[in-house]
Amino acid sequence: MDIDFIYLLCLGLCLCYQDEDAKELPRPFLNAWPSSVVKCKSNVTLRCRTHFQNVTVTLGRLHNPQYQQQKKSLGKEAEFHLTNLQPEDAGGYFCTYRTAASLKWSGQSQHLELMVTAGVGEGGGNCPRPSDSKLIFLTTFSCLCISLLFVSIFFIYRCTRQGSSHEEPPKRTNHSNFLRQEEEEEDEEGEEEDVTVTLNDRVCKHEHEASLGE
């Protein structure tokens, strides 16, 4: 009689475990304390409430499969402490669990949206917004590009001026030589005219003296 009772008890427990593994576990519930809207560098606790005691609970993030925290629940609730929050910690969170007898995880809890606002938190200090950081980076990069452009234009202008200044002296020298040559030619023509005039004067004077002698 005792053997039959033990056999039936074991069979009933096995069937219960199989039924629990076969059916889908109820979804847990996730909430944030003290609030899902927190200031930068402050702390928040995410609480995942399950339907069973002493289960394995996993905290995950939407669009980030690498993020995962796991711990055993105390009773029907597991707490995850997030400290010194930064703007990049904002986003959607969820939790799942499984029992010791279950091989499958439960479905995801409702998605909790955690918001991290810019301001003074418990740790003190302000956090820059991601959009402000991007704006500062773009502004700095644009100013640097404009400065490099102006420097390049300045050096190109200087090189052009230096090249033109090296080319100007030969032109000026050639022009001076041309003017000097013209002056020399004019002087030579003037001297020839003076010689011609002198010879004419002498011929006229000689003819005049000859006429007087007669």
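The values are calculated or read from the model by the stated rules, or taken from the named source; none is laboratory data. Quick caveat, the model's predicted, so the values are computed rather than measured. Cβ sites come from the backbone with ideal geometry, for glycine too, and all protein chains shown count toward neighbours. Ligands, DNA and RNA are excluded from the accessible area calculation, which covers all protein heavy atoms including side chains. Shrake-Rupley method; radii C 1.70, N 1.55, O 1.52, S 1.80 Å.
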Q | Accessible area of segment 52-95 belonging to carbon and sulfur atoms, whole % at 1.4 Å probe | A | 48 percent
Q | Over segment 23-75: Kirkwood hydrodynamic radius from C-alpha pairwise inverse distances, Å | A | 12.9 Å
Q) Out of residues 5 or more away from residue 39 or on other chains, whose amide H comes under 5 Å of its own, with H placed 1.01 Å from N in the peptide plane? A) 117
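Which order do the peptides 57-69, 141-153, 37-49 come out in when sorted by mean C-beta neighbours inside 10 angstrom, highest first?
Output ranking for 57-69, 141-153, 37-49: 37-49, 57-69, 141-153.
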